[in-house]
1. Out of 194, 185, report the one residue that is closer than 30 Å to residue 46 by Cβ and in contact with a helix residue (DSSP H, G or I) (Cβ under 8 Å, 6 or more places away or on another chain).
2. If a residue must be in contact (Cβ under 8 Å) with a residue 12 or more places away in the chain and surrounded by fewer than 17 Cβ atoms within 10 Å (Cβ to Cβ), how many such residues does the stretch 164-173 contain?
3. Test residue 257 against the criterion of being surrounded by fewer than 21 Cβ atoms within 10 Å (Cβ to Cβ) and either at pLDDT below 95 or not hydroxyl-bearing (Ser, Thr, Tyr) (or both), and give yes or no.
4. With the checklist (1) at pLDDT 95 or above; (2) touching a Phe, Trp or Tyr at 6+ places or on another chain (Cβ under 7 Å) in hand, flag the one item residue 146 doesn't pass.
5. Does residue 209 satisfy being in contact with a Lys or Arg (Cβ under 9 Å, 6 or more places away or on another chain) and of a type in the set (Ser, Thr, Tyr)?
6. Are there any helices (runs of 4 or more DSSP H) wholly within the stretch 1-89 with 3 or more residues that are small (Gly, Ala, Ser) and farther than 24 Å from residue 172 by Cβ, and if so which?
7. Is it true that residue 123 is within 19 Å of the chain's Cα centre (by Cα) and more than 30 Å from residue 253 (Cβ to Cβ)?
8. Being in a helix (DSSP H, G or I) and under 18 Å from residue 15 (Cβ atoms) narrows it down to one residue among 103, 95, 99; which is it?
Amino acid sequence: MLIERRITNTLKFLLDDSPAVALLGPRQVGKTTLAQELGDERPSLYLDLESSADGARLSDPELYLSAHEDKLVILDEVQRVPDLFQNLRGLIDRGRRKGLRAGRFLLLGSASIDLLRQSGETLAGRIAYAELAPLDALEVPAADLDRLWLRGGFPDSFLAKGDQASLRWRRDFIRTYLERDIPALGPRIAAETLRRFWTMLAHRQSGLSNAAELARALGVDAKTVASYLDLLVDLMLVRRLEPWHANIGKRLVKSPRIYVRDTGILHALLGLTTLDDVLGHPVAGASWEGLIIETAHALMPEETQAQFYRSGAGAEVDLVLTLPGGAVWAVEVKRNLAPKVERGFHSACEDLQPARRIVVYPGDEAFPLPNGIEVMSLHQFGQDLLALHS
C-alpha cells in the first residue's frame, strides 16, 4: 500500500517561498522518505548527520555547502549539529545577494525544542516550519480506520503484515527511544524510569495532569516529573491539551489533559495487541478520543486553538476548536454507535456559544440530534476541517 502524505504540497510551497524549511516530527514518522521523494524532483543533496561519513563532509560546512548552492540540501537529524545553524545563516545571506532566495535547505529534526530554539535564534526571517505527524484518518482508506486506531499512524507499524509484527515494531520503537535517542539528546534518565512514567501516562490517557500523584508513584519530586513530561512533549510523543479559559464567572479546570499522541504507541505501552484487546480495556474510550484530537491537530487551519472545556460544576466538552476569526466548534467524542449527549455538554455549550456542536462517533452515517448537534464519522469530521483551508 502506497501512502500519499498530504503535507507534500505544503512542503513544496514552503520550499518555493523560503530559503530554509524545518520539517519536524518524531523518529520513524516518514520525514526522510518524504524529503528524499522531494529531492528526486529537483537537484538535491542528502546528508544524514548521524552518519560519521556525512558528518566528516561538514568539517568545514561553508566550504562544502557553498559548492552545492545550486541544490536543495537535505540535512537529516540536524539538531545533532547545533553549531551548523550559524553557518546556514551565512550561506543563506550570501545566497540572497546572488539571487538565491528559496529552496536552499530542508532541515529534518525529531526533537522540536532543540531545533526550534537553535533555528529561531540564528535563522529568524529565513526559515519556515512544518510538522509531519503520524498518519491521520484522511491519509488512509476509510475501511482501514480501525487498523489506524489499533496500530497508530507510524507508517511501518500501520503497514506491518500483521498485528503481532506491528506490535513488535512499536515495542522496538519505544525501546530505541528510551535506550538510544533520549540519552543522545543529553538527559540522564534511567530508561526503566522513563518507561514507567510513559506507561503511567498511557494508563491515565486523557486524564488531567497531576504531577504530585505521578511523583509519588515514581518516588521522585514533582519538578522531576514535570521535566520528564516536558521531554516527552518536546519529542512530540505526548500532547498537553490546555483547558479553555475566559472570565465567565465560573470556576474552570486549569490543569491540562495529557495524551500519548499515537494510539499505536499507547496500546503498545499497555500491552494491547488486537482490536478486541483494545475494545475490552478501560482505555478504549480515551484512546479513541486521542485519535480524534490528533486528527484535529493534523487537519485544522493554522492559528486554530485546540483546548478542552471543564467547569467545577461538571460542564464539559472534550475538544474546543477556536478557529481563525473566532468561531468555536464544540466537539464531543463517543465510542458507541448510539451516542447520547450528557447534560454537561449542553451546559458547556451555553457558556461557549459554539457555531457548531459536533459529536464524532465510530459509525459511518451522519445524522442530527436535538439542539443543533451534528453526529458524524471521524472521516467526515476530518473533511469538514480540511474544507476550512479553502
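The values are calculated or read from the model by the stated rules, or taken from the named source; none is laboratory data. As the structure is a prediction and not an experimental result, all values here were calculated from the model. FYI the Cβ positions are ideal-geometry reconstructions off the backbone, even for glycines, and counts take in every protein chain you see.
1. The unique qualifying residue is 185.
2. Total meeting the criteria: 2.
3. It is false that residue 257 is surrounded by fewer than 21 Cβ atoms within 10 Å (Cβ to Cβ) and either at pLDDT below 95 or not hydroxyl-bearing (Ser, Thr, Tyr) (or both).
4. (2)
5. Against the criterion (in contact with a Lys or Arg (Cβ under 9 Å, 6 or more places away or on another chain) and of a type in the set (Ser, Thr, Tyr)), residue 209 qualifies.
6. Output list reads 52-57.
7. Working: within 19 Å of the chain's Cα centre (by Cα): no; more than 30 Å from residue 253 (Cβ to Cβ): yes.
The answer is no for residue 123.
8. The conditions single out 95.
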